[in-house]
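Okay, so here's the structure we're looking at.
The numbers here are math on the coordinates, done by the rules we state, and not lab data. Just so you know, these numbers come straight off a predicted model, no measurement behind them. Neighbour counts are summed over all protein chains in view; Cβ atoms, including those assigned to glycine, are modelled from backbone coordinates with ideal geometry.
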Amino acid sequence: MNKFEKMGLRPEVLRALKELNFNMPTAIQEKSIPVILNASQDLIGFAQTGTGKTAAFSLPIIEMVEGCSSHVQALILCPTRELCMQITRDIKKFSKYIPNIKVLAIYGGDSAYKQLKNLQNGAHIVVGTPGRVKDFIKRGKLKLGQVKYLVLDEADDMLDKGFKEDLSAILDVTPEKKQTLLFSATMSPWIEKIARQKMKDPIEIKVANKNQGSDNVSHQFLIVNSRDRYAALRRLLDVNPDVYGIVFCRTRKDTKEVAGKLIAHGYPAEAIHGDVEQSDRSKTMNRFRKREIQILVATDVAARGIDVNQLTHVINYELPDNPETYVHRSGRTGRAGCSGVSLTIINMKERRRIQNIERMMRKRFKEIDPPTGNEICEAQLMNLIHKVKNTKIDMNKLKPYLPAIYEELHGMNIGELIQHFVSVEFNRFLNHYSNIDDMSTKGRKQSIALKRHKIRLKTYRINLGKKDGFSPKVLFSIINKKSALRGIEIGSIQVQSKVTQFEADANFDAKLKKNLRRENYKGRPIMLKPL
């Protein structure tokens, strides 16, 4: 008998858990489920992202919801639509063999009419974002008078997203007699206030120290000039060929720009942010889960609810506004018993902010040097060799082509063959990193001063913009076609309605003018003007 069976969960739920390979409860599940099942007391649970909080509160709620009633009996509030959808999917999986339990997700960014229609058909458990839930309450469509269980999931993040007033309004219309379950990865004064004013003598369960983060995550940072952030990001990705992770940006603009540059440079990347339609976000996430995309560039809002357990890295392109958000970001990796790395790119002035996060999390961060060209080339080369060595050979399909292959390669010894073969895949990295200075953090102030002298960014304008279908990706594709521009560093790119303004290495000024003025886009000659 496993521990889920000992908790007294019904056979239908145990059957679903077995199919999902939920063999043993996590620490937060083991401590929370019996309390919620056997006591009517409120509960505050502190556990990091990826520790199984959804099952910790949803399994006992599924157990206690009465399917014969048509009223909403449980309301689960969470900060984003992604997390809302994920929780709903999980509850449906857990209650797969209990057909009379209805679960409904309501969130912004999707048709309110469709959600209202589903709500009219009845729901026992409603999972929602505060804004849409408040809207439906105001319309008189969502009745919470018989709610028995109220869950605040990622409570600290709901505060960060500006939902304080919405939450207060929702809490005020729920029955006084109910069980309130608050789950959070970090502790804030607002959570303490909610516990004091809205909860009754709550039981506090801690899986880890508040605000501390997972022990499975290694925290590292590197210091570069602010203008070198993107170049540093590329080095981090290149030195980790098997990276499967999330790059966090602070704004939608940065997310679009960074993702556009990565895609143009050939990385399997995609962006999700608030401007992306929900259907497109869902498609992107499906591709990410299948590893068709290795790098997801995201804002903090969009990344909520990403349920992927095998991410190798989280990369902070920029530090978030508050330390608690860093805890959430780093918690996207190192999940379900796996190890992970949280990498942060900072400038000299941000060193104190890293120290503040270290103090809050009670963890020591390791400062690393930006990977050198030699380190990157070695990592990429060995990754290529490893793939070749482990590639399965289908002789039945290959055999007909072997005579022609042997004839073409006749006269080459094995050493020459290996060198030519490796160079086909490897020259891209050799060409890029052979002419670029290393971003060593040794003697940092001196090296930054030298870099400012060597790489000076100059601003240019071209006569194409959004109305012409122009984008950062198009700009990079044009530049990358020119061998004379190999190794050029590109700074910020601003695509306006009719023109595009961008920064580029001033050392390439003459080559840039010569090569771009020979190009055209959709039949229109490119006119380049230095500013």
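Summary table
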{"item": "Over the chain: helical MRE at 222 nm, DSSP H runs n ≥ 4 each giving -39500 (n - 2.57), nearest 500", "result": "-13000 deg cm²/dmol"}
{"item": "Ranked PHE508, PHE183, criterion: other C-beta atoms within 10 Å, fewest first", "result": "PHE508, PHE183"}
{"item": "Lys, Arg +1 and Asp, Glu -1 on Cβ, resulting dipole of segment 8-51 about Cα centre, debye, nearest 20", "result": "100 debye"}
{"item": "Sequence-distant aspartates and glutamates (8 or more away, or on other chains) whose Cα lies within less than 13 Å of LYS349", "result": "GLU318"}
{"item": "Potential extension, LYS114-GLN220 segment - 0.36 nm per residue separation minus Cα distance", "result": "33.6 nm"}
{"item": "Reach of LYS399 by Cα under 12 Å, taken over aspartates and glutamates that are not fewer than 8 positions away in the same chain", "result": "none"}
{"item": "Over segment 3-206, relative contact order from alpha-carbon pairs under 8 Å, at least 6 apart, %", "result": "28 percent"}
{"item": "Dipole magnitude of segment 330-386, debye to nearest 20 (Cβ charges: Lys/Arg +1, Asp/Glu -1, about Cα centre)", "result": "600 debye"}
{"item": "Solvent-free Debye scattering, log10 I(q)/I(0), computed from the Cα coordinates of segment 39-163 at q = 0.10 Å⁻¹", "result": "-0.28"}
{"item": "Additional length obtainable on full extension of the chain from GLN41 to LEU402, 0.36 nm per residue less Cα span", "result": "122.7 nm"}
{"item": "Sequence-distant residues sharing a close amide H with TYR521 (under 5 Å, placed H)", "result": "ILE526"}
{"item": "Separation of the GLN494 and ASN520 label points, Cα + 7 Å toward Cβ, nm", "result": "3.0 nm"}
{"item": "When each of LYS261/LYS522; LYS93/LYS114; LYS256/LYS513; LYS148/LYS283; LYS53/LYS134 is checked by Cα-Cα distance, pairs over 28 Å", "result": "LYS148/LYS283"}
{"item": "ALA169 paired with LYS481, simple spin-label distance in nm, labels 7 Å along Cα-to-beta-carbon", "result": "5.3 nm"}
{"item": "Equivalent ellipsoid semi-axes - Cα gyration tensor, the chain, angstrom", "result": "48, 28, 24"}
{"item": "Antiparallel %, DSSP beta bridges [both residues in the chain], to 5", "result": "25 percent"}
{"item": "Amide hydrogen neighbours beyond the local backbone of VAL297, cut-off 5 Å, H modeled", "result": "VAL247, GLU270, ALA271, ILE272"}
{"item": "Assigned charges on the beta-carbon of Lys, Arg, Asp, Glu; the chain dipole about Cα centre (debye)", "result": "1380 debye"}
{"item": "Counting all C-alpha pairs of segment 374-434, share separated by more than 19 Å (%)", "result": "46 percent"}
{"item": "Distance in nm between pseudo-label sites at ASN390 and TYR97 (7 Å out along the Cβ direction from Cα)", "result": "3.7 nm"}
{"item": "Relative exposure of TYR267, TYR97, TYR401, TYR326, judged by other C-beta atoms within 10 Å (fewest first)", "result": "TYR401, TYR97, TYR267, TYR326"}
{"item": "Semi-axis lengths (Å, descending) of the ellipsoid that matches the C-alpha gyration tensor of segment 455-530", "result": "18, 14, 11"}
{"item": "Placed amide H near ARG456: partners under 5 Å, 5+ positions off or other chain", "result": "ALA506, ASN507"}
{"item": "Order of LYS514, LYS261, LYS392 - criterion: other Cβ atoms within 10 Å of each residue's Cβ, fewest first", "result": "LYS392, LYS514, LYS261"}
